[in-house]
């Protein structure tokens with residue numbers, strides 16, 4: 001290994017000259033001796049650690065990002081992974097809005113300090129949650145370029161706010177608020193059926209928008225989740241294999257659905273909650289349609305916006321499934337709640353709703369159980 005100067009076309013360059021672990025020779029030129037020496041030293045350490053990868057000296061971070069996007073999209077198109085249009089657009093936004101404008105230059109000159117600096121920039125310009133998503137994409141770019149080790153120790157931890165527990169009255173309606181909403185919607189068959197479906201089945205907004213009449217058992221009292229509608233109203237499978245599920249429902253929702261089916265516009269997709277023309281309803285329009293009911297029930301913010309979005313009813317459904325029967329709940333096990341919610345893992349269920357399950361410190365329950373055990 002050596003560093004030497006060389007004049008090419010009247011311009012003096014400094015050459016980092018070395019061989020990798022396979023014996024292949026590399027000559028990388030730099031405008032200054034210091035840069036050439038730094039590259040040689042970094043390569044020497046990487047070769048000894050078995051982490052050295054030969055990087056095209058002319059390839060830029062932008063080149064690597066563009067190649068990564070193309071590969072991710074191609075993999076999704078070939079069916080090797082389920083990649084939705086929304087997800088691909090998010091990756092493009094990560095690259096175009098956050099990565100390309102803020103970290104540039106040659107891949108061969110990128111260091112761990114550069115990656116750390118980029119992370120700090122992200123945290124200063126966007127939310128922690130978004131910074132973490134962008135950083136994950138950037139790490140994937142480096143990994144695809146065979147230099148993922150540069151970002152191995154660069155992380156973005158979660159904040160206390162992100163770990164905030166869902167709370168009744170803030171993140172989802174209380175039982176009293178649910179009753180007010182249901183009463184306020186009774187004069188509008190579609191909204192009444194929509195609210196009751198969200199309340200008693202816990203479907204995601206995308207699942208509500210993609211729900212077909214053929215998946216609703218008006219005789220069996222059971223609803224089947226087999227598809228969902230994405231941001232662009234494209235029908236696709238549920239989020240995961242666990243998203244495909246069956247959910248039983250009671251007489252009140254059954255009645256509301258039977259009333260609504262008589263007036264529901266019939267479109268090609270035959271969805272339960274379509275637009276006025278029978279097409280798949282846009283998410284924003286579905287939310288907008290609930291505003292009058294929210295106002296009538298007195299559930300609006302000081303700015304006049306709806307207090308709750310559709311996802312709040314999913315949280316309510318989970319709490320209803322978990323709450324003890326004396327509080328109007330169903331007292332279901334965590335595993336059954338996971339199944340009904342369509343979570344891919346019980347860990348997700350417990351991370352979000354674990355604090356709602358009984359802790360075992362209920363004295364009255366303990367005394368009653370003790371008496372029952374001893375007769």
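Some points to look at:
- Looking only at residues in the range 211-232 that are within 15 Å of residue 281 (Cα to Cα) and either at pLDDT 95 or above or buried (at least 16 other Cβ atoms within 10 Å of the Cβ) (or both), the one that is farthest from the chain's Cα centre (by Cα) is 213.
- Cβ-Cβ under 6 Å pairs, at least 6 apart or on other chains, the range 214-231 side assigned by TED's automatic domain parsing to the domain that holds residue 258 and part of a strand (DSSP E or B), far side surrounded by fewer than 16 Cβ atoms within 10 Å (Cβ to Cβ) and at pLDDT 95 or above: 222/246; 222/248; 224/246
- Annotation for the range 274-287: at least one member residue is in the same structural domain as residue 219 (by TED's automatic domain parsing), closer than 20 Å to residue 177 by Cβ and within 29 Å of the chain's Cα centre (by Cα).
- Residue in the range 97-109 that is part of a helix (DSSP H, G or I), surrounded by fewer than 20 Cβ atoms within 10 Å (Cβ to Cβ) and at pLDDT below 90 present: yes
- Highlighted here are the helices (runs of 4 or more DSSP H) found entirely within the range 232-296 that include at least 3 residues which are more than 14 Å from residue 188 (Cα to Cα) and out of contact with any helix residue (DSSP H, G or I) (no Cβ under 7 Å at 6 or more places or on another chain): 283-289.
- Complete set of residues in the range 201-231 that are closer than 12 Å to residue 253 by Cα and touching a strand residue (DSSP E or B) at 6+ places or on another chain (Cβ under 8 Å): 201, 216, 217, 221, 222, 223
- Enumeration of residues in the range 120-129 that are part of a helix (DSSP H, G or I), within 21 Å of the chain's Cα centre (by Cα) and farther than 16 Å from residue 100 by Cβ: 123, 128, 129
- Some residue of the range 150-171 being in contact (Cβ under 8 Å) with a residue 60 or more places away in the chain and in a helix (DSSP H, G or I): no
- Helices (runs of 4 or more DSSP H) lying entirely in the range 334-375 (those with 2 or more residues that are more than 21 Å from residue 320 (Cβ to Cβ) and at pLDDT below 90): 363-374
- Listed conditions (1) closer than 30 Å to residue 124 by Cβ; (2) under 23 Å from the mean Cα position of the chain (by Cα); (3) crowded, with 18+ Cβ neighbours inside 10 Å are all met by residue 147, apart from (2).
- Taken together, the residues in the range 100-109 that are in contact with a helix residue (DSSP H, G or I) (Cβ under 8 Å, 6 or more places away or on another chain) and farther than 20 Å from residue 15 by Cβ amount to 4.
- Being under 22 Å from the mean Cα position of the chain (by Cα) and assigned by TED's automatic domain parsing to the domain that holds residue 237 holds for only one residue in 194, 181, 208, and it is 208.
- The residue that is surrounded by the fewest Cβ atoms within 10 Å (Cβ to Cβ), among those in the range 297-313 that are touching a helix residue (DSSP H, G or I) at 6+ places or on another chain (Cβ under 6 Å) and in a helix (DSSP H, G or I), is 310.
- Residue within the range 165-172 that is crowded, with 20+ Cβ neighbours inside 10 Å and in contact with a helix residue (DSSP H, G or I) (Cβ under 9 Å, 6 or more places away or on another chain) present: yes
The values are calculated or read from the model by the stated rules, or taken from the named source; none is laboratory data. The model shown is predicted, which means the values in this text are computed figures rather than measured ones. Heads up, the Cβs are rebuilt from the backbone with ideal geometry, glycines too, and the neighbour counts pull from every protein chain shown.
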